[in-house]
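Only one structure is covered here, and it is reproduced in the block below.
The values are calculated or read from the model by the stated rules, or taken from the named source; none is laboratory data. Everything numeric here is computed off the predicted structure, so don't read it as measured data. Neighbour counts run over all protein chains shown; Cβ positions are idealised from the backbone, glycine included.
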Amino acid sequence: MAASIKDVAKEAKVSIATVSRVLNNIDVVNDDTKQRVKDAIEKLGYRPNIVARSLKTQRTRTVGIIVPDISNQFYPEIVRGAEDVANIYDYNVMLCNTDLDKEKEIEYLRIMKEKMVDGIIYMSSSLDEDVFKLLEELNLPAVLIENTDPSGKIESVSIDNEAAAYDGVAYLLKKGNKKIAYIGSDKDGKNLGASRYKGYERALKEKKIKLSEDRVAFTGSKAKDGFDAINRILEAAEVDAVFCTGDEIAMGVINALRERGVKVPEQVDVMGFDNIYFSSIFNPKLTTVAQPMYDMGSVGMRMLIKKISTSEPEEKSYVLAHQIIERNSCK
């Protein structure tokens, strides 16, 4: 259990009022006493709840949204869906961008607790046990979007990532491709990257095509990551198609192939994932596995508000439908 202001006062052998004066920088406490209070705060790991000083038992009607990379076009559309629903129910939104940094995620969760948000929409391309433990410790209503909680304790909204990747690779196989490269995030752990890689493996296995590690690259989600990854793959293996777990990755792949004089889709098919806006205006327009981004945000926010209001949403998890959007990057 987190330390309280009463615990700090007891540790420092002062009154609660004295601790409050130190926290608020009221200059009526002598230096020795002030130092004892500060030492007690550090020892106990006490974090003052600023909002609670004026809103002891009231809700703030504010929800936090944590995104891993706001520059990735996938996330703003989710946020838009969540914010539209929040506005309908008269909730404000506090948005935090973590830059794919786990320490930032943890710090933002603590800050949101201090600000007394009523609940959190949490998005991350990977899941870490430390984050789950902290969510439980902070006792904040939360809904995951994009990923799911393996334990089933935290509500979630996602697609079936394994099935989506399987369908994408199966689509490339139906086109007659057999040397299909895979470019995506790490296959280890319990995150969505691992699920998508399983879908890739399953699709190849069903067609009795041996998986070649030379055609697999685990990388980031930017166009440059895709550009570099396909260049590495082509140094070691031939490919006739590339399955990418993000549209930006696919765009980087196409640019790299273009520099090598390889035509898309005449010589190599390239498939993306997400269906961000630029996938429809890039040249060639991307064939991609579409996620219902806006709906993921709006459904997630409705679940969170229901959980805040009644402590229990109607469903523990929603798995929304994915769709293959056929455009010009595949034959």
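Just a few scattered comments:
- Top-ranked residue in segment 59-92 [being of a type in the set (Ser, Thr, Tyr) and farther than 20 Å from residue 292 by Cβ; ranked as nearest to the chain's Cα centre (by Cα)]: 71
- Pair list, Cβ under 7 Å, 6 or more apart: segment 72-86 residue outside the structural domain of residue 223 (by TED's automatic domain parsing) and at negative phi, other residue polar (S, T, N, Q) and modelled with pLDDT under 95: 72/221
- Subset of segment 133-154 [crowded, with 18+ Cβ neighbours inside 10 Å and either of a type outside the set (D, E, K, R) or assigned by TED's automatic domain parsing to the domain that holds residue 223 (or both)]: 135, 140, 141, 142, 143, 144, 145, 147, 148, 154
- Top-ranked residue of segment 227-250 - restricted to ones that are of a type outside the set (A, V, I, L, M) and not in a helix (DSSP H, G or I), ranked as farthest from the chain's Cα centre (by Cα): 238
- Segment 299-310 residues that are without any contact (Cβ under 8 Å) to a residue 24 or more places away in the chain, paired with ones that are surrounded by fewer than 21 Cβ atoms within 10 Å (Cβ to Cβ) and not in a helix (DSSP H, G or I) (beta carbon under 7 Å, 6 or more apart): 306/313; 306/314
- Filter pass, residue 177 being over 20 Å from residue 319 (Cα atoms) and touching an Asp or Glu at 6+ places or on another chain (Cβ under 7 Å): yes
- Consider segment 229-247 and keep the residues that are under 23 Å from residue 274 (Cβ atoms) and aliphatic (A, V, I, L, M). The one that is surrounded by the most Cβ atoms within 10 Å (Cβ to Cβ) is 242.
- A single member of 157, 169 is in a strand (DSSP E or B) and either hydrophobic (A, V, I, L, M, F, W, C) or surrounded by fewer than 18 Cβ atoms within 10 Å (Cβ to Cβ) (or both), and it is 157.
- Within segment 265-281, the set of residues being in contact with a Ser or Thr (Cβ under 8 Å, 6 or more places away or on another chain) and farther than 23 Å from residue 211 by Cα comprises 274, 275, 279.
- Within segment 277-318, if we keep just the residues that are touching a helix residue (DSSP H, G or I) at 6+ places or on another chain (Cβ under 9 Å), over 28 Å from residue 258 (Cβ atoms) and aliphatic (A, V, I, L, M), the residue that is surrounded by the fewest Cβ atoms within 10 Å (Cβ to Cβ) turns out to be 299.
- Filtered by the rule that a residue be part of a helix (DSSP H, G or I), surrounded by fewer than 24 Cβ atoms within 10 Å (Cβ to Cβ) and touching a helix residue (DSSP H, G or I) at 6+ places or on another chain (Cβ under 8 Å), segment 253-276 gives 255, 256, 257.
- Within segment 5-33, the set of residues being surrounded by 13 or more Cβ atoms within 10 Å (Cβ to Cβ) and of a type in the set (Gly, Ala, Ser) comprises 9, 12, 20.
- Against the criterion of being crowded, with 18+ Cβ neighbours inside 10 Å, of a type in the set (Ser, Thr, Tyr), assigned to a strand (DSSP E or B) and in the same structural domain as residue 202 (by TED's automatic domain parsing), residue 182 qualifies.
- Look at (1) part of a helix (DSSP H, G or I); (2) of a type in the set (Lys, Arg); (3) within 23 Å of residue 167 (Cβ to Cβ) and you find that residue 307 fails only one, number (3).
- In this entry, residue 118 is excluded by the filter for residues that are surrounded by fewer than 20 Cβ atoms within 10 Å (Cβ to Cβ) and assigned by TED's automatic domain parsing to the domain that holds residue 310.
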